[in-house]
Structure formats: structure tokens, C-alpha cells
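The values are calculated or read from the model by the stated rules, or taken from the named source; none is laboratory data. Here the structure is a predicted model, which is why all the values come from computation and not from measurement. No Cβ is skipped: glycine too gets one built from the backbone with ideal geometry, and neighbour counts run over all protein chains shown. Note: areas computed on protein heavy atoms with side chains; ligands, DNA, RNA excluded. Shrake-Rupley method; radii C 1.70, N 1.55, O 1.52, S 1.80 Å.
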Number of protein chains: 2
Amino acid sequence: MNAYRPQAADIGFILFDVLQAQDRLAQLPALADNADPDLLRQVLEEAGKFVGEVVAPLNRDGDEIGARFKDGAVTMPPGARAAYQAFWQAGWPALSGATEDGGQGLPTVLEMVLYEWLSGANLGWTMAPGLLHGAYECIKHHASPELKASYLEKLVTGEWLATMCLTEPHAGSDLGLARTKAVVQSDGSYQISGTKIFISGGEHDLSDNIVHLVLARLPDSPPGPKGLSLFLVPKFYPDGQRSAVVCERIEEKMGLHGSPTCVMRFDEARGWLVGELGKGLNAMFLMMNAARLHVALQGVGLLDAAWQKADGYARERRQMRAPVRQDPSQPADPIIEHPAVQRLLDTQRAWVDAGRVLAYRTAIELDVAKHHPDAAQRQQANLWCALVTPLLKASWTDQAFHGGSDCLQVFGGHGYVREWGIEQIVRDSRVAMIYEGTNEIQAQDLLFRKVLADQGAGLLATLGGLEQDLDRFDSAAAVRARTGLQQLRELVGLLQAGGPGVALQLYPVAGDFLRVVTLTLMAWAWARLDAAGAAGQGGTAFARWVWPELAMRQLMIRQALGAAA
Amino acid sequence: MNAYRPQAADIGFILFDVLQAQDRLAQLPALADNADPDLLRQVLEEAGKFVGEVVAPLNRDGDEIGARFKDGAVTMPPGARAAYQAFWQAGWPALSGATEDGGQGLPTVLEMVLYEWLSGANLGWTMAPGLLHGAYECIKHHASPELKASYLEKLVTGEWLATMCLTEPHAGSDLGLARTKAVVQSDGSYQISGTKIFISGGEHDLSDNIVHLVLARLPDSPPGPKGLSLFLVPKFYPDGQRSAVVCERIEEKMGLHGSPTCVMRFDEARGWLVGELGKGLNAMFLMMNAARLHVALQGVGLLDAAWQKADGYARERRQMRAPVRQDPSQPADPIIEHPAVQRLLDTQRAWVDAGRVLAYRTAIELDVAKHHPDAAQRQQANLWCALVTPLLKASWTDQAFHGGSDCLQVFGGHGYVREWGIEQIVRDSRVAMIYEGTNEIQAQDLLFRKVLADQGAGLLATLGGLEQDLDRFDSAAAVRARTGLQQLRELVGLLQAGGPGVALQLYPVAGDFLRVVTLTLMAWAWARLDAAGAAGQGGTAFARWVWPELAMRQLMIRQALGAAA
């Protein structure tokens, strides 16, 4: 089994040579002092060390021993608590938190890189801390001053962890069906009662307290999503008393055994309203948006981890003669010299590198949207994040599973057994296509809420920005990207011309539309990577093995619209 | 958890209404008496009952308890031995064995349907009996009269089970690297020494004896594949003595826990030569060819099982409003009314039904190749099997895993937990893309050994037969199939015109070529299904969601050849 290693230099290349993050961040007064590449590289180096040396080695036990449940308590896998205590005490969860809350005020993109690596190293361990950042934002923007006083610093530092209690047995993608009850008390608190399922980190021993954010409904609230409000219920109250929140059991799952997936029962548990009554989903969506970019980076991290394993193995394992580069001194050639294997590995590089360019840019735009002095720039940045987050989440979690499975294939039978840890990646990655909104819901979000809602205006404006950016380059990669952008404009034109019936025709091809936008943005990313001098194999693989999917997707969409192919 | 149910009527429709199997089988003197549809339907009904009532219920325990290893012995999961004893005593393994060997002399296609169902019901249990049929053919055609006298009847009835001992730690896809030694003894027997890995059913308690077929090398044999010979080493000799074959351990795997994957050590174990010295791979390939069609049908069976589960769940589970068929009396609509879910389910039907048409036809051609009085017909049938077997194996095992994962997606988070059994299908199915020759090797086999070896002549002749068959139809499905066949002819023309360098250009696109031929044959299968009045959803899904892949694959191949797109 070869261990996952974060590569800080690769990340630095994408951040500073490809994306020129330093220039963009320097425009933001809140971050300008912390935009120096040398400083950021140094933080990345340290983060990479922590992930590689402390978190990665726990991954196998996390899978094989897993989180264990007994009498309402969850014991995390060996080493998990110690690693988490070291993690928060070293300040890693606070990396991008606001300094006024006790955070370090570094750019959000650093947090995203950190979580990409943590996910590649050990997704099971990473699940609980991964939810912290959304909870922090949610409390910061929606909670009362009293709640903030008790919880905000504990969350920004990560001393306490947090959960999102949304799903109920009959209410998954359709949260509006949730039935958990909240009854107001004379002191202004609420009694929360109901059962929530699929609660990642609902119970564990990583941290000394757990802060639950719970969607519930007042007895007189309207049915559906507008009747839902958000409440905070801690495991332990500030006075040390335990709340009436019980972990009933943890799920047996395909993978991610290191992360307890809990059934949580609330028995008239005392909690407090976060945000306004009936606006629970709005406050929750703030958490979910942050979480979606995290999940996209889980995909990138797991795919890179799978590639690292398969690439290492393919260089060592010798089977059969390669068609070109043969070594007659050996009985067989390294399987990386077999074109089918080489193609498969390079294809994952094409996805990892383009995914990083797009995800890191999105993380930078999140800071621009928050901190840029110019309102127009903030709006553009918001638009970018709204459009790109769902496709990053869907396409890169999809690729983590399918590309991870391709990497397993490199090992042959040795990939199907535990030995090399590659089958764990395939099992662990599968859930990311489901949680934080299934990938089908991401596709509908992109097409209906982000593109058709404004008749494509926002998407076209964003494409215009990319076209302008490409004007500087005349490489083959830039030509390909411009062609893709032009074809996407034509497709948007078809949607605009489609009239009121177009939405119905588009339902079954929302996923294809998401892929078209994904591939087009990847083409832009590869033009930028190419211009910065990125190694050629990923770029060639993108052009030869990834890009042709566009023709198929366009065909499916045009057929659905009844348009000429 | 909803259980897998074999559907005998669906199979009868494909065999007798779509493929007119009865007419083809009636041409074969050896089978003409057993080609009556009523008889065959009755056998299918009984087989379906056995699979559904006896084998399917053991699947969950097979996964959760699994095969257990202790001190060299393997205990199979609860109920497995009893089910196997009932299975062979009821005559199921002997279904298609020759009557002169103790078999029932029924058409091979019945055996294939039986194994499709067994795989859908419980692949772990099915692994060991699945190897029996290749071993029987191998002994029948290559073993000495003495060996046959001891082993043939035991294998045709299934009273004893068998293994294929090929792989060694350093010799997987490249069997020529195998080092296991065979030293001849004065009595003409051999002493076999070495370690074999990934031996499915190497040790278990299903049957009272296990017959190992082992690839090994004489001390003075040449290196490489031509130095390998095949030997028979039983667990127990006819006199009841135990042989020096030891199961050292069983593997921890991603799935298929019901099937022990054994490391087998041979310590100067006494065995006998099967076939000629140095021709071990030839004898083994006979086993592997039979096994490859079995594995293709594992894919079909698992995909059908996944579809059955997802279809059932999607009709019950209600989330959100459907865009068209809404039921205002309920808080939400069944998710099958959501177009993304409907598309996903129908796509699996397109694959299952076309897979059955092609695999059953291949099974029928196997009998034609063996039994037809006309040599030209036998040759055509052999050609069909040689071309179609590798693509059936690769494309349908691929679809079982990827389509199985799509079916998991229908369940959302409930699919990632054990509850419904769908994640087990995804884990169990993954290995079929690897064993019996990885899917990459199937693609190379098709392109290099089956198509380029005769400059495409055999493929073009086979396509001609399909074109002739389609002349009877003028449906949209038939037009699509004719277009595909014509495009494939053009592609073969490009390969023929490519000159000596074409093979090198084609290495990385062998998999794309296999997909092009797969899709083209599926189009033919759907034209036949359509003509027989098959329900429309699979056919529509094929046209809309499966067929457009052809454009992408052709693009990749043409680019690799440097041809205009």
C-alpha cells in the first residue's frame, strides 16, 4: 500500500502561475496582507506535512476498524481523536476564519486545498471537521449575539465540532417533508423532538462538544419548506449539562467506515432559533453552499489519491511486452507503457488539474464576493460561484468514483482486494455523488435555477469573461476552448428560443447540460494550464479522451429539444 | 430489501419470439428433440423457482458473514452447502452436459440463462459452480481416458466442483510468467509445486471434492507461454487420500464475500497432465472461452437485479413534485416520475434486454458451432462467438458496475447503506471487469486477434449477415441499425487502409472500437426486439441515451487514426 502525499508545489503552480491568485487576492483589503505567495506556499507546506504524516496513516484502520457504536456512544477509529486534537490545536480549522472571530484570516482557497488533501488522505476522518466551516458561517450570519457568544469561537477554532441535521427517513432530497417538531418555551428557547438520519458525525469522541444545527417545524407552521426553521442544540450546554439528543445507531455503509453516520433522536431537547422563523432552509443553504465546494474538492482529492496509487503501481508492475518502449533485459515491461493504462492515468490528471483550476478559482471568487470593494466585481464573483459550484460538485464527485474505479482497474485483481487501498477509495467516494444534494439535483440547480431563471444572461456574461481571458492566447488549447464557448453560446440560444415548453423537454437532459458546461470550463482551464507550461500529458489526454464527450452530450440535448443535430 | 426474482416469461419472449431459437436449434440433430419451446419454458420456470427460492435468500448472509477461513479450511456462508447439494442433486449443473457423459443434453443457452439468474440472485454462491462447465469441457476434450473415467461424470453432474489455477503473484494478465513447477515421476504422474493466487473456490465445503486444473512448467520447458502445461490435481484422490494442496488464506475483497478467493500452495502435489505438454494455455483457453460468456451473463444478471431493486424503490419512494404526472392527493410524487430517474432506469432496460438478445444468440451459436451438419454454418457460428464473446464480456460487466451504481443513485443515501442490498451489487459486480481477462484485454483480443488478424474479413462477413437479417424490417430501429452497420463498415475500411502503422495508432482506442461494435450490435438487437413487439421504454432509451455514445467513440478512433472526423 502506497500512502497519499500532498504535493504543495503542484498546488502552488496552479494558484500562482496558472491563476495568479496573488493579484486577485491583493485587490481585497481584508486579505491583501495575506496574499503573498511565499507566505501561502509556506502554509501549504506545513498543511501538507500534517495531512501526510498525521491524517493519512489512519485511513486503513478507519476503514477496517471503523467507527464503533455502543450504548449511544461512538468510538472513533484508533488515533482519530488524537489527530483531531492536534489538528485544531495547531490552528488548521481556523485557517480562513475571520480574525475578529478568532480565525487566522487567510484566503478561503487555503482552506479548500487543505480539505482536498484531507479528503484524499482520509475522507472518513475528514467528514466531521468538514462540516465545521459551514456551521461557523451559519452561526456568524444568522445566530443571535447570545448564541454567538457561546459558540462562535468554539466553532472557528474547531475546539467543538458541528453537524447538519436535515434528513429524515421520508425527507431526503425533499426537505420540505421534514416533520421534526419545535415547540416554543416561556424563556424563548424551543423543545425539539424528532428523528434525523444520515447525520455525519452526529456522535463521536473527536471533540468535547458537538453543536447540532437542526431543521424543525413549529406546530402552527405551514407545510412544505416555508414552514421550516433552524435551531441550535448542543450535545452539552454551556453549563456542562447533557442535552436530550441521543445517537440511536450508526449505519452500515458501502464505505466511509471511519465516519459515523448517525440516527439522531431529539427528545424535547432544548434548543434555540438560528435566523428567522420559517427561514430555516435559507440559513441551511448557506451551510450547504460552502459544503458543496468542499464536496467537489473531496472528489478532486480522492481522484488524485487514486491516481497516485495507480501511477505508482503502473511504474513497478511488469506484465507483457509494451508495443513501443520495450526493455528486453526484463521478462516484461511496466504496465504504464501499455497505451490503455497510460490513457487511463493521463485522463485522471486531466480531471484533477482542471478541477483544481476551477475549484481554486471558485474559492478565490468566494473571497472576492465577500471582500471586493467594487460591487460589480462582487456581483460577478457571486455569479461565478452560483454557476460553477453545482457543476464542480457533480462532475468531480462523479469522476472520483468512475476515475477511481479506472485506477482500480490498473491493479487488476490486486485492485479488488484490500492490499493496495484502491478499492477503499472507490467505496469511500461513492457517497459524494449523493450527499449535499444528489448530482441529479445539482444538474437541475444549474439548468433551472441558475441558467433558465435569467434566460441564460448570467451564464452568457460569465462565458464572455472567459472569452476575453482567452484573447491573450493562440494555442491549440485556447482554440479548442473558444470553439467550446461558442458552441455553448449556440446551445443557450436554442434554450432561449425554446419557448415555455423548453423546461419540460430539458428535464431528462439537465445532466447532459451540466456536462457540456463542465467540459467547456475544463477546456478554458486547460488553455490556462497550457499557457502556464503545465506538463503535456494531462492536456493531451483532455483533448483526446475527455473533450469528445461534448459531441455526445450536445447530440442528446439537441435531440431532446427536437433541434437538428 | 426487495429480493431478486427470475422472470422466465421475459426470457421466453427473447428466446422464442425475438430470436426464434426453436428454429435454429431444430437444425441441430443433437438438440432437435430438446428444442421444443414448451419443454424449454417449463425447464426455465423450474430453474427460476430454484434460483429465487433457494439461492437468492442466501445473498445477504453471503455478503455479511461471508466465507470464513480457519486452519486451511473454508466454511461457506450459512445455507450455502445445503443449497449446493440440492442444486446438483436436482440436476441443474448437468443441464447442458452431453447425455453420453451423464448430462441432460439440453441447449447451452439454458445453462446460460440459469447462470444469468444465479448471478443476479447471489454471485458469491455462484462463483464455484460457475467454473464447473469450463472444467468439464476441458477434461472432456483434453484429458486421458483414465482421468475421464475418474472425473468426467463427477464434473458433469456437479457432485465435485473445480477450479482454474492460473494466476501467480507476478503473473496475472501475463500468464507466460508463471513459475509453478511440474516434475515428472516414474509412474507418469507429476509433482506440482508453487503458489497460485486469486483462486475462486480453491477451498470450501460445498462439495465433497474439488478438482484443480493447474498451469505449471516442466524444469526443461522454454520460458514464456509455450512452456506451460496443464495438470489435474484433486483435493482428494480417488482412494480418499488428501493431496498436498493447501489453502493458505483467503483474500479480503471489495465484495463477493460469499466466494472464497484463495491462495493455494502446491507442495509436490501429485497430479496428471491434461492435454499435451506445452499446450497448457490452449487447453485453459477452452475453459476461459466458456467462462467469458458466463461472466458476460453475470453482468446481465447483476444489472437486471440492480434494475429490479431500483425500479421497485422508485415506484414507492415519494419526493418532490414530478414535472408532469402529479398526484395532488399526496405530499410528493413517486420518484420514478422524475425524468432523470426514469431515464436511468430505462437505460438499464436497454442494456439488459439487448444483452440478453446478444448473449443468448451467442449461446445458441455455440451449439450450432458444435452440432450443425453444415461445415459452413459451423464456421459462421464460430466466427460469431469469437467476435461477440469479448465484447459481451467487457461491455456488460462494465454496465453492471456503472449501471448498478446508477441504480444505487435512485436510492439516494438509502442506497449507500446496506439496507436495500443495492450497494452489494455495485461491490460484487466490480470484479467481473477484471477476471477472465480484464476488459482492456478483451478489447485488444477483439481488435487485434479477431478483427485485424484477418484484415476485418470475418467482422465484415458477420455484419453482412446482420444487414441481411434487417432487410425484413423498415422500423426506425432497423434504420438506426443499418446506419450503424454502414458506419462500422466505413471504420473497418479506415483500419484496412491504415497500413502497417495502424496497429500502433489503435492501441489506445481498442476499447473505443469494442464500444462501437457493441453499440452497433445493440442497435441490431433493438431492431429485433422492436420487431417482436418489445415494450417501448428500453428501445426509446437505447435511441436517446445509449446510441449517441457512438458519435463520441468514432471521433476518438478517427482522431487516433489521424482521419478527418
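Some values worked out for this structure:
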{"item": "Cβ neighbours within 10 Å from other chains - mean over B:420-426", "result": "2"}
{"item": "Of A:Tyr237, A:Leu529, A:Pro145, farthest towards positive along the dipole that unit charges on Lys, Arg, Asp, Glu beta carbons give the protein assembly as shown", "result": "A:Leu529"}
{"item": "Accessible carbon and sulfur surface of segment A:300-423 relative to its total accessible area, %, 1.4 Å", "result": "49"}
{"item": "Semi-axis lengths (Å, descending) of the ellipsoid that matches the C-alpha gyration tensor of segment A:161-277", "result": "23, 19, 10"}
{"item": "A:Ser475 accessible area, assembled protein chains, probe 1.4 Å, Å²", "result": "30"}
{"item": "Shape of segment A:438-565, Cα gyration tensor, a/c cut at 1.5", "result": "prolate"}
{"item": "Area accessible to solvent at B:Asp353, 1.4 Å probe radius, in Å²", "result": "30"}
{"item": "Restricting segment B:389-485 to trypsin sites (Lys or Arg not before Pro) in coil, as DSSP defines it, with at most 10 other Cβ within 10 Å", "result": "B:Arg472"}
{"item": "Cα gyration tensor category, rounded, prolate or oblate, for segment A:233-332 with a/c compared to 1.5", "result": "prolate"}
{"item": "P(r) tail fraction, the protein assembly as shown - alpha-carbon pairs more than 60 Å apart, %", "result": "12"}
{"item": "Positive-end extreme of charge dipole, the protein assembly as shown - chosen from B:Gln191, B:Val451, A:Thr483 (charges on Cβ)", "result": "A:Thr483"}
{"item": "Student exercise, segment B:313-431 dipole from Lys, Arg, Asp, Glu Cβ charges, in Debye to nearest 20", "result": "60"}
{"item": "FRET efficiency for A:Glu276 and B:Ser475, using Cβ-Cβ distance with R0 set to 51 Å, rounded to 0.05", "result": "0.30"}
{"item": "Anchor B:Lys140: lysines whose Cα lies under 23 Å away (excluding residues fewer than 8 positions away in-chain)", "result": "B:Lys148, B:Lys154, B:Lys226, B:Lys235, B:Lys279, B:Lys370"}
{"item": "For B:Gly224, inter-copy label distances in nm, listed shortest first [label point 7 Å out on the Cα-Cβ vector]", "result": "7.4"}
{"item": "Accessible-area value, B:Ser429, 1.4 Å probe, nucleic acids and ligands omitted, Å²", "result": "0"}
{"item": "For segment B:181-250 versus segment B:280-353, the gap between their alpha-carbon centres in whole angstrom", "result": "40"}
{"item": "Span from the segment B:138-166 Cα centroid across to the segment A:390-442 one, whole angstrom", "result": "41"}
{"item": "Cα lying deepest toward the dipole's positive end in the protein assembly as shown, options A:Ala32, A:Tyr435, A:Val295, charges on Cβ", "result": "A:Ala32"}
{"item": "Fraction in percent of alpha-carbon pairs per bin - 20 Å, chain B", "result": "21, 54, 23, 1, 0"}
{"item": "Shielding by other protein chains, B:541-551, mean Cβ within 10 Å", "result": "4"}
{"item": "Estimated inter-spin distance, B:Asp327 and B:Asp71, nm [label 7 Å along Cα→Cβ]", "result": "5.8"}
{"item": "Segment A:167-217 shape via C-alpha gyration tensor axes, a/c threshold 1.5", "result": "oblate"}
{"item": "FRET efficiency for B:Arg249 and A:Arg242, using Cβ-Cβ distance with R0 set to 41 Å, rounded to 0.05", "result": "0.35"}
{"item": "Interface B:A - total buried accessible surface [probe 1.4 Å, Å², rounded to 100]", "result": "5600"}
{"item": "Extension gain from B:Asp187 to B:Lys370, taking 0.36 nm per residue of separation minus the Cα-Cα distance", "result": "62.3 nm"}
{"item": "Alpha-carbon centroid distance for the pair segment A:107-131 / segment A:11-83, whole angstrom", "result": "5"}
{"item": "Accessible surface, per residue, of segment B:246-373 when the full set of protein chains is kept, probe 1.4 Å, Å²", "result": "33"}
{"item": "At least 20 Å² of accessible area lost relative to the chain alone, listed for segment A:480-512 with a 1.4 Å probe", "result": "A:Leu504, A:Tyr507, A:Pro508"}
{"item": "For residues of B:434-440, the mean tally of beta carbons on other chains within 10 Å", "result": "4"}
{"item": "Karplus 3J(HN,Hα) series, Hz, for segment A:144-155 with 6.51 cos²θ - 1.76 cosθ + 1.60 (x for Gly, Pro)", "result": "5, x, 5, 5, 4, 4, 7, 10, 5, 5, 5, 7"}
{"item": "Heavy-atom accessible area order for B:His371, B:His414, largest first, 1.4 Å probe", "result": "B:His371, B:His414"}
{"item": "5 Å binning of all Cα-Cα separations within segment A:8-141, expressed as whole percents from 0 upward", "result": "2, 9, 18, 21, 18, 15, 9, 4, 3, 1, 0"}
